[in-house]
Amino acid sequence: MITQALFRALDKKAIWLVAILLLVAVAVPASNLLLPVDSPFRLPNYAVPLFGKYLTFAMLALALDLVWGYCGILSLGHGAFFAIGGYAMGMYLMRQIGTRGVYANPILPDFMVFLNWKELPWYWYGMDNFWFAMLMVVVVPGLLAFIFGFLAFRSRVTGVYLSIITQAMTYALLLAFFRNDMGFGGNNGLTDFKDILGQSISAPSTRAALFAASAIALALAVLACSAIVNSKLGKVMVAVRDAESRTRFLGYRVEYVKLFAFVVSAIIAGIAGALYVPQVGIINPSEFEPANSIEVVIWTAVGGRGTIIGPIIGGVLVNVGKSYFTGAFPEYWLFALGALFVVTTLFLPKGIVGLIGQYRAATTKREQHDRDAPTPMQVEAGADPQPKPAE
Amino acid sequence: MSEAREKLGTMLYLDGVSVAFDGFKAINNLSIIVHPAEMLAIIGPNGAGKTTMMDIITGKTRPDDGQVLFDGRTDLTKLDEAAIANLGIGRKFQKPTVFESHTVWDNIEMALKKPRGIFATLFYTADDEDIARITEILETVRLLARKDDYAANLSHGQKQWLEIGMLLAQDPKLLLVDEPVAGMTDAETVETAKLLKDIAKTRSVVVVEHDMSFVRELGSRVTCLAEGAVLAEGSLDQVSANPVVIERYLGR
Amino acid sequence: MTGAGMTILKHLIGAMLLLSALLTAIPAHAQFADADLTTLVDALAPGSFKDRETAIGNLVASGDPRAVPVLETLLEGELYFDETGGKVVFTSASGGKGAISDPVTGADLSDLTEADLEKVKVNNSLRRVLRTAIGQMTLLSEDARVRLSAAQSVLRDADPAQLELLDSAISAETDVRIKRVMEQARAVIMLKSPEASVEDKTAAVPVVLAIGGRDALNTLTTALASAPDEIRPTIESAIDGLARDRAAWDVAQNVWFGVSLGSVLLLAAIGLAITFGVMGVINMAHGEMVMLGAYTTFVVQEIIRQNAPGLFDWSLAIALPAAFLFTGLVGVAIERGIIRFLYGRPLETLLATWGLSLIIQQAVQRIFTANIREVGNPSWMSGSFELGGLAITWNRFYIVIFALLVFVALLLVLKYTAIGLHMRAVTQNRRMASSMGIRTPLVDAMTFGLGSGIAGLAGVALSQIGNVSPNLGQGYIIDSFMVVVFGGVGNLWGTLVGALTLGIANKFIEPYAGAVLGKIIILVLIILFIQRRPRGLFALKGRSIEA
């Protein structure tokens, strides 16, 4: 059964994508570690974690695309799942510091010593074990998504209402994580990491390994998403996106379909967050900012939602652009980002992937063009969003 | 009317059903019975409550009052849409609603009577039997040639047929069909009537329609609704001869 | 003009002249010529303590209110005199405005230096005399206002030494209000004084109780400690009653804070409710409209400061229409330029307007810098007043009134104007409205303009209770959405109830949970509430809503 599903996942596009990602997973570390320092093909040390960060962002965008592009749930709180995964990893890394902290406390992280805490809070237990921490990276975002999604989808909160309460969710978490007594380092978050699995976190080899792990994780996420969207369940998800009520009358439990997509998506986002933290060296409450989560939406939209490759392209491109802009013209970055939102929604509803599709369709036969899938936009436009009183 | 009849042995049993939206009584003490393998045509002016009645049967709207039983024993007012659909009640909407970004084949495949659970759906692969069944249905609704086309690219009439095909794939005991021939050519209308009559040999069918010639074609029992209640019942000739029906619906 | 009219006018003028003569006569009676008073004041300096006592008596006999500060300064031991000239003076230490000044005229005496000055000496018996003298001058003053403030000051200090004087003042007092304050002061002294009899103390308890508030509570609590056993129960029950009152006032104060917060939320959310309710448009740039309104106020005030400082108290009256028009026009531009291409795609609208909000914030930051701008309060918006046990600041008070006015005005506009009728028609059935000849694009533009204009008004109001910065709007946007979602879409009353409920709930949770946790609790409660009622408190119900 599962092998069949995986086999189905490997359509031509997915094979290419996974192959490229695996190639990148090998090529980037190799270029950094093996080539001589003066080689023009050698990637500088700083670039490896930077590229790794882009990959984790691409993974976050892919996670959002699974719920938004395929299931029609616009989550404005996906940054929260990313951040929670990041915090779980951060907790593991904090416990690895041991006596090398400023206060040299073998058990308590510095900020707890500073706050005069005498013992570790119960939710920090076991986080010094890598595998337990990795389990939490998956379980905690998944559980939060399950509880939140169960409540929201069961009572049929949809459309912009759902978007707004997901935003409220991440906002509430932002406020909560800012508090010192939450036990997550308050304002400063978790930082000053030393080791991961016994390896120095700043060593080029560790960074190369983290990069490779990010690329492989992304490849696995592509496989998982691809398996889901190519299955009958994936078709039902798209059906829910386009005509939720109709799907219900066919006998599908729309709330469970959405819940499945939401939980899987939250888990992928959590793993992305866990890979992000050791590469940037810090996790703090600002990751919960509602603005961050909305930015993820634009990555997905720019690349092209409702496709597997779109969010990956968007996540990498927008963030490369952001790195460039914030370095070269810091005061214009927000203008550019704002304009990106407006231009994408107005002129590029299907994103870059859609643009390429259109270009191809225009250059091949007209007949081919007719067979193009209708965009989610066309379908949505058909539905009247206005509440109307009874006939 | 209804109290005289037996609940047992009915396919659909509505008794004293009422629902109000902000004070407006959309359905007012409505009682209707449909027997197994029987076709019932429902006519009535706009706002008579025909669509609201379907909403109540399929679980979209909860009645304020009254009894809605399926198969003589299952209380439909306690169940949601998906549960009702899985009991064996299929619905075709007034506006043809098919999944436009899926192919014709996928539309039928999704409707096919199969386990609807998340993991059953995730790991589903069509076996030979399923493929044969889908092919058969597509032949019945004359869409086999277009099985790989996106539903969005079908004509209006073809979408109506596709939706009927989806109904067939669900293999329901009771079909609720809302204005199936709107936007169809005369030839298509005749074909549809033939198809529905065929279906009604083994299943119960409730058809809501404005097109009188189509209703005549069906040749079934007719109920006329007005202001959320039954105005008249009987054969089409009886109903259309009823002076109240002429006054309120057919016009002088 | 008729003859009769002329006569009446003459009478009126005559009456006014008489009145003004009387008014000027009263101070003339109590006020000495500067020179005479100066002689009396200067007499304080020379001679023995006995001579000073006589001089004090003469000052009291003068009845001139200007003598009071002189006596008070002497009591504090801060009165000085010029060794050579013998003139009594104020120094900066003794409350004079300049370094050294004339105690009577307040004029600067710049030819004197501190080195020339000597303290006017006082001893304990003189201090007693002084206290009585000041009490007599004020408690027995002919000016009712002076008596009232003197009585209040005795009430505050509750010095048993004043008791005798207070008794004579009470018997002489004719004004009921002042007499009550004096009696309250006497009761407080009674409870405080160890010499007072049990009967006096018992009689004092209800009088103190009538003062109410924290002061009475403190007096009674202190009195309880030293009270004889027989009156303890009386005092204890009085304390219980006061504590209950206090608790009730605390609740009322919380309600007021909640109403105040609610009115701010209402102002911020009501424009959103219109654009969301009528057009189904989620405007994420709504907070930026509020921010632009606040900056309009800032600009208006800057212009007034530079060109016509006298108009400052009118700055808000000018800023309101300016902000409404400016943000309204920006709103129309946004609708025509972006939103109209996105109708029927609410999620895309959300994203596009979010992008817009980033651009607007950044643009404002470029123009005005990211620094916080302080917008001034006109004089009538400053300060506070007390209502029973409530302390209410004027700016919050006016904002509550303003929010309600805006709400009512909007209801009237929607109900009685053509544009309002068209808006409601479009809300209920867009297609039908358009086929009936209503120009829905115009209505959309107007609606969006109106919603944005109201956000601008909210910005003017918010500039009065906080600082203005480019991210002002971001602080309100999530709360405003919560109000609209909680209240239900398409119903202004829902927005009102939603805003007030959330405001009050916030202020009631805050004392127990703290501001941040309170906010989290509210957010979680709303998320749970939406599970129960996905379409808010006041939702439209009907067959086609989910279609």
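The values are calculated or read from the model by the stated rules, or taken from the named source; none is laboratory data. Keep in mind that this is a model prediction, so the values were computed, not measured. In this analysis, Cβ positions are derived from the backbone assuming ideal geometry, glycine residues included, and neighbour counts consider all displayed protein chains.
A single member of B:74, B:51 is closer than 22 Å to residue A:249 by Cβ and within 14 Å of chain A (Cβ to nearest Cβ), and it is B:51.
Okay, residues lined up against (1) within 13 Å of chain C (Cβ to nearest Cβ); (2) aliphatic (A, V, I, L, M); (3) within 18 Å of the chain's Cα centre (by Cα):
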{"residue": "A:285", "(1), (2), (3)": "yes, no, yes"}
{"residue": "A:302", "(1), (2), (3)": "yes, yes, yes"}
{"residue": "A:315", "(1), (2), (3)": "no, no, yes"}
{"residue": "A:320", "(1), (2), (3)": "no, yes, yes"}
{"residue": "A:330", "(1), (2), (3)": "yes, no, no"}
{"residue": "A:343", "(1), (2), (3)": "yes, yes, no"}
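Is there a residue in region C:450-463 that is without any contact (Cβ under 8 Å) to a residue 24 or more places away in the chain and either within 27 Å of the chain's Cα centre (by Cα) or under 24 Å from residue A:290 (Cα atoms) (or both)?
Pass one, region C:450-463, residues without any contact (Cβ under 8 Å) to a residue 24 or more places away in the chain: none.
No, there is no match, as no residue in region C:450-463 is without any contact (Cβ under 8 Å) to a residue 24 or more places away in the chain and either within 27 Å of the chain's Cα centre (by Cα) or under 24 Å from residue A:290 (Cα atoms) (or both).
Within region C:388-398, is even one residue more than 20 Å from residue C:458 (Cα to Cα), touching a Ser or Thr at 6+ places or on another chain (Cβ under 6 Å) and of a type in the set (Ser, Thr, Tyr)? Checking region C:388-398: not a single residue is more than 20 Å from residue C:458 (Cα to Cα), touching a Ser or Thr at 6+ places or on another chain (Cβ under 6 Å) and of a type in the set (Ser, Thr, Tyr). For residue C:336, indicate whether it is surrounded by fewer than 19 Cβ atoms within 10 Å (Cβ to Cβ) and either within 14 Å of chain A (Cβ to nearest Cβ) or in contact with a Phe, Trp or Tyr (Cβ under 9 Å, 6 or more places away or on another chain) (or both). So residue C:336 fits the description; yes.
Mind checking whether some residue in region C:405-412 is over 23 Å from residue A:168 (Cα atoms), more than 29 Å from the chain's Cα centre (by Cα) and modelled with pLDDT of 90 or more?
Filtering region C:405-412 down to residues over 23 Å from residue A:168 (Cα atoms) leaves C:405-412.
Pick out the ones that are also more than 29 Å from the chain's Cα centre (by Cα) and you get C:412.
Then drop every residue that is not modelled with pLDDT of 90 or more, which leaves C:412.
Within region C:405-412 (the criterion being over 23 Å from residue A:168 (Cα atoms), more than 29 Å from the chain's Cα centre (by Cα) and modelled with pLDDT of 90 or more), the answer is yes, since at least one residue qualifies.
Exactly one residue out of B:145, B:152, B:169 is in contact (Cβ under 8 Å) with a residue 60 or more places away in the chain and not in a strand (DSSP E or B): that is B:169.
Only helices (runs of 4 or more DSSP H) whose full extent lies in region A:134-247 are considered here, and the ones with at least 2 residues that are more than 14 Å from every other protein chain (Cβ to nearest Cβ) and more than 30 Å from residue C:276 (Cα to Cα) are A:204-230. Residue B:97 - would you say it is touching a strand residue (DSSP E or B) at 6+ places or on another chain (Cβ under 6 Å), within 9 Å of chain A (Cβ to nearest Cβ) and of a type outside the set (Asp, Glu)? It is false that residue B:97 is touching a strand residue (DSSP E or B) at 6+ places or on another chain (Cβ under 6 Å), within 9 Å of chain A (Cβ to nearest Cβ) and of a type outside the set (Asp, Glu).
All conditions in (1) buried (at least 24 other Cβ atoms within 10 Å of the Cβ); (2) of a type outside the set (Ser, Thr, Tyr); (3) in contact (Cβ under 8 Å) with a residue 60 or more places away in the chain; (4) within 15 Å of residue A:67 (Cα to Cα) hold for residue A:236, with the sole exception of (3).
Residues that are under 20 Å from residue A:65 (Cβ atoms), part of a helix (DSSP H, G or I) and in contact with an Asp or Glu (Cβ under 8 Å, 6 or more places away or on another chain) within region A:340-364 comprise A:345, A:357, listed in sequence order. Among all residues of region C:172-180, there is at least one that is of a type in the set (D, E, K, R), under 30 Å from residue C:205 (Cα atoms) and assigned to a loop (DSSP other than H, G, I, E, B).
In this structure, is residue C:457 in contact with a Gly (Cβ under 8 Å, 6 or more places away or on another chain), more than 14 Å from chain A (Cβ to nearest Cβ), at pLDDT 85 or above and buried (at least 20 other Cβ atoms within 10 Å of the Cβ)?
Answer is yes for this residue.
If you check B:12, B:76 for being surrounded by 16 or more Cβ atoms within 10 Å (Cβ to Cβ), modelled with pLDDT of 90 or more and more than 13 Å from the chain's Cα centre (by Cα), only one passes: B:76. The residue pairs whose first member lies in region B:120-139 and is within 14 Å of another protein chain (Cβ to nearest Cβ), whose second member is modelled with pLDDT under 90 and surrounded by 14 or more Cβ atoms within 10 Å (Cβ to Cβ), and whose beta carbons are closer than 6 Å, counting only pairs six or more residues apart or on different chains, are B:123/A:5. Of the residues making up region C:344-365, those that are more than 7 Å from chain A (Cβ to nearest Cβ) and surrounded by fewer than 20 Cβ atoms within 10 Å (Cβ to Cβ) are C:363, C:365.
The criterion of at least 2 residues that are out of contact with any helix residue (DSSP H, G or I) (no Cβ under 6 Å at 6 or more places or on another chain) and either within 14 Å of another protein chain (Cβ to nearest Cβ) or more than 27 Å from residue A:205 (Cβ to Cβ) (or both) is met, among helices (runs of 4 or more DSSP H) falling completely within region A:1-116, by A:2-9, A:12-34, A:110-114.
How about region C:364-391: which of its residues are at pLDDT 85 or above and among the hydrophobic types (A, V, I, L, M, F, W, C)? Please lay out each step first, then the result.
In the first step, residues of region C:364-391 are kept if they are at pLDDT 85 or above; the result is C:364-368.
Of everything in region C:364-391, those that are at pLDDT 85 or above and among the hydrophobic types (A, V, I, L, M, F, W, C) turn out to be C:364, C:367, C:368.
Examine region C:463-476 for a residue that is surrounded by fewer than 24 Cβ atoms within 10 Å (Cβ to Cβ), away from every other protein chain (no Cβ under 14 Å), in contact with a strand residue (DSSP E or B) (Cβ under 6 Å, 6 or more places away or on another chain) and of a type in the set (A, V, I, L, M), and state whether such a residue exists. Yes, there is a match, as at least one residue in region C:463-476 is surrounded by fewer than 24 Cβ atoms within 10 Å (Cβ to Cβ), away from every other protein chain (no Cβ under 14 Å), in contact with a strand residue (DSSP E or B) (Cβ under 6 Å, 6 or more places away or on another chain) and of a type in the set (A, V, I, L, M). The sole residue among C:288, C:302 that is over 30 Å from residue C:391 (Cα atoms) and within 14 Å of chain A (Cβ to nearest Cβ) is C:288.
Are any of the residues in region C:424-444 of a type outside the set (S, T, N, Q), more than 13 Å from chain A (Cβ to nearest Cβ), crowded, with 21+ Cβ neighbours inside 10 Å and farther than 25 Å from residue C:523 by Cβ? Walk me through it before giving the result.
Here is the first cut: in region C:424-444, the ones of a type outside the set (S, T, N, Q) are C:424-426, C:430-433, C:436-439, C:441-444.
Now narrow it down to the ones that are more than 13 Å from chain A (Cβ to nearest Cβ): C:436-439, C:441-442.
In the following step, the residues that additionally are crowded, with 21+ Cβ neighbours inside 10 Å were identified as none.
Looking for residues that are of a type outside the set (S, T, N, Q), more than 13 Å from chain A (Cβ to nearest Cβ), crowded, with 21+ Cβ neighbours inside 10 Å and farther than 25 Å from residue C:523 by Cβ, one finds none in region C:424-444, hence no.
Looking at A:147, A:165 in this structure, which one is out of contact with any strand residue (DSSP E or B) (no Cβ under 9 Å at 6 or more places or on another chain), crowded, with 17+ Cβ neighbours inside 10 Å and under 30 Å from residue A:252 (Cβ atoms)?
On the way: A:147 fails: crowded, with 17+ Cβ neighbours inside 10 Å.
Testing whether each residue is out of contact with any strand residue (DSSP E or B) (no Cβ under 9 Å at 6 or more places or on another chain), crowded, with 17+ Cβ neighbours inside 10 Å and under 30 Å from residue A:252 (Cβ atoms) leaves just A:165.
Just to be sure, is residue C:319 surrounded by 24 or more Cβ atoms within 10 Å (Cβ to Cβ), away from chain A (no Cβ under 14 Å), touching a strand residue (DSSP E or B) at 6+ places or on another chain (Cβ under 7 Å) and closer than 27 Å to residue C:411 by Cβ? When the stated conditions are applied, residue C:319 does not pass them.
Can you tell me how many residues within region B:100-119 are of a type in the set (A, V, I, L, M) and more than 7 Å from chain A (Cβ to nearest Cβ)? Adding up the residues that qualify gives 3.
Against the test of being aromatic (Phe, Trp, Tyr), at the interface with another protein chain (Cβ under 8 Å from one of its Cβ atoms) and in a helix (DSSP H, G or I), the options A:325, A:260 yield a single qualifying residue, A:260.
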